[in-house]
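**Student:** First the structure, then my questions, so here it is.
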Amino acid sequence: MNSSVKVLACPVCHHHFSHFWNSEGKALSAYGYGLDFRLLPRDSNRVSDTATCPNCFYTYRTQDFQTRAPENLKLVVRSSAYQSIFVVESSEERRARSQLALLTMLEAKGLNPRDLGIMALKGSWAARELGGLQTESELLEKADYYLDDALRRGLTKSDPAMVMYLLGEINRRKESFLRAREMLTFLGNNPRYRYPALLLTVLIEEEDSTPYWSQHSPERMEQNSPKFKGLFPPLRSIPPKKTEFSPDELKEGLEQSDGDDLRKL
């Protein structure tokens with residue numbers, strides 16, 4: 001395991017603590033792709049360099065611990081609403097709550113809701129890796145809220161189709177299948193998102209909320225899957241607390257899925 005230790009000084013409460021950063025996986029190539037455009041394992045949020053002060057729970061990127069925290073962020077950290085984020089029973093959920101805390105800090109900075117929605121979605125990936133499924137659900141709710149707000153206000157950074165597609169996928173994961181279907185209807189026949197939208201439509205109709213990933217990127221899944229030859233595509237769920245994937249493991253999973261489908265004929 002490749003890891004490094006940094007001693008950080010919290011800019012809110014001035015507490016000094018050691019932060020362990022696991023850099024393993026950063027240089028690995030992507031072995032699989034999610035329907036929400038996640039790459040596995042290259043973009044694993046679990047190894048992102050974000051730290052939480054164990055004294056006051058200030059959560060931010062480690063490079064920002066070296067700069068003065070604005071007064072509005074200090075007020076956020078000291079608020080009961082922020083502190084209550086970390087009041088959970090399981091250690092898995094507690095670790096995952098740092099993603100919610102980071103989002104709360106970014107909310108206070110007044111970022112574009114489109115960016116906040118993407119941050120919430122990425123935070124849900126990290127929460128799932130850590131086994132914090134309650135936190136994952138909360139972050140998906142926030143991703144839905146902010147991306148919908150960005151779409152309604154025209155703050156999509158000139159890519160409303162991407163926001164509509166992600167709203168379809170996020171609502172599928174939330175089991176809000178009617179809303180997911182509506183989002184894909186609004187998307188229309190956009191050439192960039194047509195292929196993954198077809199897969200989402202299949203999963204929505206089957207009321208499947210599993211977080212799927214595949215050997216192929218979303219825009220190529222339909223082209224490379226046997227679904228439209230009468231078989232379901234060989235996609236696999238991302239299990240909680242799973243951060244390491246290998247090409248052989250992916251290949252075995254795809255072969256197993258193909259075999260299961262063929263035995264159903």
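Taken together, the values in this text are just the output of simple stated rules run on the coordinates, not laboratory data. The shown structure was predicted, so the numbers you read here are calculated from the model rather than taken from an experiment. As a convention, Cβ positions derive from the backbone with ideal geometry for all residues, glycine included, and neighbour counts pool all protein chains shown.
**Student:** Can you classify the range 102-213 as rounded, prolate or oblate using the Cα gyration tensor, where a ≥ b ≥ c are the square roots of its eigenvalues, rounded means a/c under 1.5, and otherwise it's prolate if a/b beats b/c and oblate if not? Show your work: numbers first, answer last.
**Tutor:** Values: a/c = 2.14, a/b = 1.18, b/c = 1.81.
Because a/c hits 1.5 or more and a/b fails to exceed b/c, the range 102-213 counts as oblate.
**Student:** Give the residues of the range 56-72 whose amide nitrogen is closer than 20 Å to a point set 7 Å from the Cα of Val87 in the direction of its Cβ.
**Tutor:** The answer is 56-59.
**Student:** Please give, to one decimal in nm, the separation of the simple spin-label points placed at Ala30 and Glu141, each 7 Å out from Cα toward the Cβ.
**Tutor:** 3.0
**Student:** Related question: Report the gain in length on full extension from Ser217 to Gln63: 0.36 nm times residue separation, minus Cα-Cα distance, nm rounded to one decimal.
**Tutor:** 52.3 nm
**Student:** Let me ask you something else. Measuring from label point to label point, each 7 Å out along Cα→Cβ, what is the Glu205 to Leu106 span in nm?
**Tutor:** 3.5
**Student:** Let me check I've understood the local charge: for Lys157, count other residues with C-beta under 14 angstrom from its C-beta, Lys and Arg +1, Asp and Glu -1. What total comes out?
**Tutor:** Overall, the nearby charge balance is -1.
**Student:** Right, here's the next one. Between Ser246 and Lys74, take the C-beta separation as r, use R0 = 45 Å, and let me know the FRET efficiency to the nearest 0.05.
**Tutor:** With a Förster radius of 45 Å, E is 0.55.
**Student:** Where Lys and Arg each count +1 and Asp and Glu each count -1, what net charge lies around Glu71 among other residues with Cβ under 14 Å from its Cβ?
**Tutor:** +4
**Student:** Taking K and R as +1 and D and E as -1, what net charge do the other residues with C-beta under 10 Å from the C-beta of Leu35 add up to?
**Tutor:** Net charge in that neighbourhood comes out at +1.
**Student:** Could you tell me whether the range 52-176 comes out rounded, prolate or oblate from its Cα gyration tensor? Rule is a ≥ b ≥ c as square roots of the eigenvalues, rounded for a/c under 1.5, then prolate if a/b exceeds b/c, otherwise oblate.
**Tutor:** oblate
**Student:** Let me ask something else about it. With the contact rule set at Cα under 8 Å and sequence spacing of 6 or more, what percent relative contact order holds for the range 151-202?
**Tutor:** 34
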